[in-house]
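Asks: Here it is, the structure, as structure tokens.
The values are calculated or read from the model by the stated rules, or taken from the named source; none is laboratory data. Everything numeric in this text was worked out from a predicted model, so none of it was measured. Counting neighbours? That spans all protein chains shown, and the Cβs are built from the backbone with ideal geometry, glycine included. Keep in mind that these areas ignore ligands, DNA and RNA; they rest on the heavy atoms of the full protein, side chains included. Shrake-Rupley method; radii C 1.70, N 1.55, O 1.52, S 1.80 Å.
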Amino acid sequence: MSAPAPSRLSAAFPEERAALVCYLMAGYPDRGTSLAALRAAARGGADIIELGVPYGDPLADGPVIAEAAKIARETEGGFGLIHALQVAEAFMRDPGADNAPPLVVMTYLNPLMRMGLPKAAERMREARVAGVIVPDMPPEAARPWLAAAGGLDTVFLAAPTSTEDRLRIVGTASSGFVYCVSATGVTGERTELALGLADQVARVKAHTALPVAVGFGVGSPEQAAAVAAFADGVIVGSAIVKRQRDPEAVEEFVRALADAVRGSARRT
């Protein structure tokens, strides 16, 4: 399978090791602290940053992220997509931001539709966002968004229950990377990685030339190192959001994750 031309997201995956993808919640516990946490994650060694948009019905989010979203939505009279993009833009316009990790916005379809798909895409481009993840938007329903999203990568999710045909559709529709969900259910730390996860990643990789990053359930440097041995990227969310009130703690934890990922021996 021939590789697509690299985008800002796909180019952020190093050839020699797995990438570290760090998730933070915009507006949690307030706008300023979430921006400081983004900067801390970048200093700590994140290769890519996912910026979550607070939403009232977060179907894919576990309790830590759902609670952070609830608190964020209650700040400043209501914190939503437009405010999250303001945080993204502030981060991407920092001095030296040309070397900052690319940002991918994780939101749901309803906020995009309420803003209007063309306007949402335009605002993301203005904010220098590299891509978007929309967990409740399957590829079959994505044509209107993809028509508006010029220049933005759209990352689709591959589940453990996905059939080979489904993986082919997800692998073909995605750009930037493919998000491999490690376990059924919602996000959150787990004591053990799912059995057969390496085989699951191999199944996804058979249907795409894009990098494949694993998320849902990775919560420690040790787990991150284990996933980095067979995946192109390691996504850590809830364990970082738990520390987001303290940007210094975010930086320290992200640095430990980055050291673990970079020290992991890749298996071919």
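Asks: In what order, largest first, do Thr161, Thr107 sit by accessible area if the probe radius is 1.4 Å?
Replies: Values: Thr161 105, Thr107 0 Å².
I get Thr161, Thr107, largest accessible area first.
Asks: Calculate what fraction, in whole %, of the accessible area of the chain sits on carbon and sulfur atoms when a 1.4 Å probe is rolled over the protein chains. Walk me through the numbers on the way to the answer.
Replies: Working: 5790 of 11150 Å².
On the chain, the fraction of accessible area on carbon and sulfur atoms equals 52 percent.
Asks: With a sphere of radius 10 Å drawn around the Cβ of Cys22, what net charge do the other residues whose Cβ falls strictly inside it have (Lys, Arg +1; Asp, Glu -1)?
Replies: Working: positive: none; negative: Asp47, Glu50.
Result for the local shell: -2.
Asks: In Å², and per residue, what accessible area does the chain have when probed at 1.4 Å with the other protein chains present?
Replies: Numbers: 11150 Å² over 268 residues.
It amounts to 42 Å² per residue over the chain.
Asks: Return an integer: the convex hull volume of the alpha-carbon atoms of region 12-102, in Å³ per residue. Let's see the in-between values first.
Replies: On the way: hull volume 9.1 nm³, N = 91.
That works out to 100 Å³ per residue.
Asks: Follow-up question, since we're still on this one. Suppose the chain between Ala249 and Glu76 were pulled fully straight at 0.36 nm per residue; how much longer would it get relative to their current alpha carbon spacing? Before the final figure, lay out each step's value.
Replies: Working: separation 173, 0.36 × 173 = 62.28 nm, distance 2.45 nm.
Between Ala249 and Glu76, full extension yields an extra 59.8 nm.
Asks: Would you compute, from DSSP H runs of 4+ residues alone, the mean residue ellipticity of the chain at 222 nm, taking -39500 (n - 2.57) per run and dividing by the full residue count, rounded to the nearest 500?
Replies: Numbers: 11 runs with 107 residues, N = 268.
Rounded to the nearest 500, the figure is -11500 deg cm²/dmol.
Asks: Calculated from the structure, Rg/Rh (Cα atoms, Kirkwood Rh) equals which of [x] 1.06; [y] 1.04; [z] 0.93?
Replies: [z]
Asks: Also: Using a cut-off of under 17 Å, list every residue of region 73-92 whose amide N is near the label point 7 Å from the Cα of Arg125 along the Cα-to-beta-carbon line.
Replies: What the label zone holds, given the 17 Å backbone N cut-off, is 89.
Asks: Could I ask something else about it? Just how far, in whole angstrom, is region 32-57 from region 70-85 if you go by their alpha carbon centroids?
Replies: Here the answer is 14 Å between Cα centres.
Asks: List the residue ranges in the chain for DSSP H helices whose C-alpha atoms run 18 angstrom or more along the long axis and whose Kyte-Doolittle average is -0.5 or above.
Replies: In the chain, the long hydrophobic H runs are 31-44, 247-262.
Asks: What accessible area, in Å² to the nearest ten, does a 1.4 Å probe give for Glu140?
Replies: Solvent-accessible area, nearest 10 Å²: 110 Å².
Asks: While we're looking at this one, here's another question. Round to the nearest 10 and report in Å² the accessible area of Lys70, as given by a 1.4 Å probe over the protein chains' heavy atoms.
Replies: The accessible area comes out at roughly 100 Å².
Asks: Can you give me the long-range amide H partners of Gly52? Hydrogens built in the peptide plane at 1.01 Å from N, cutoff under 5 Å, separation of 5 or more residues or another chain.
Replies: Leu24, Met25, Ala26, Met106
Asks: Continuing with this model, one more query. Could you give the nm distance between label points at Arg93 and Ala265, where each point is 7 Å from its Cα heading toward the beta carbon?
Replies: Roughly 4.8 nm, to one decimal.
Asks: How far, in nm, would the chain grow between Leu146 and Asp57 when pulled straight, counting 0.36 nm per residue and subtracting the alpha carbon separation?
Replies: Details: separation 89, 0.36 × 89 = 32.04 nm, distance 2.32 nm.
Stretched fully, the Leu146-Asp57 segment lengthens by 29.7 nm.
Asks: Still on this structure, I have one more. Once the Cα gyration tensor of region 115-268 is diagonalised, what are the square roots of 5 times its eigenvalues, in whole Å and ordered largest first, as equivalent ellipsoid semi-axes? Could you put the intermediate results ahead of the total?
Replies: Values: eigenvalues 138, 89, 36 Å².
Working from the Cα gyration tensor, I get semi-axes of 26, 21, 13 Å.
Asks: Just want to confirm a number: the relative contact order over the chain, from Cα pairs under 8 angstrom separated by 6+ residues, in percent. Display every interim value, and only then the final one.
Replies: Values: 576 pairs, mean separation 69.0, N = 268.
Once divided by the residue count of the chain, the mean separation gives 26 percent.
Asks: Note down the net charge around Thr75, summing +1 for each Lys or Arg and -1 for each Asp or Glu among other residues with Cβ under 15 Å from its Cβ.
Replies: Numbers: positive: Arg31, Lys70, Arg73, Arg245; negative: Asp30, Glu67, Glu74, Glu76.
My count for the surroundings of Thr75 gives 0.
Asks: Which one, Leu51, Leu167, Leu20, has the greatest fluctuation when you compute a Gaussian network model over the chain with C-alpha springs under 10 angstrom?
Replies: Ranking Leu51, Leu167, Leu20 by mean-square fluctuation puts Leu167 first.
Asks: Under a 1.4 angstrom probe, counting protein chains only, how are Arg17, Arg43, Arg255 ranked by accessible area, largest first? Intermediate results must be reported in sequence, preceding the final value.
Replies: On the way: Arg17 40, Arg43 135, Arg255 95 Å².
Most to least solvent-accessible, the answer reads Arg43, Arg255, Arg17.
Asks: Is region 17-70 best put as rounded, prolate or oblate by its Cα gyration tensor, with a ≥ b ≥ c the root eigenvalues, rounded for a/c under 1.5, and otherwise prolate when a/b is larger than b/c, oblate when not?
Replies: On the way: a/c = 3.00, a/b = 1.43, b/c = 2.10.
The shape class here is oblate.
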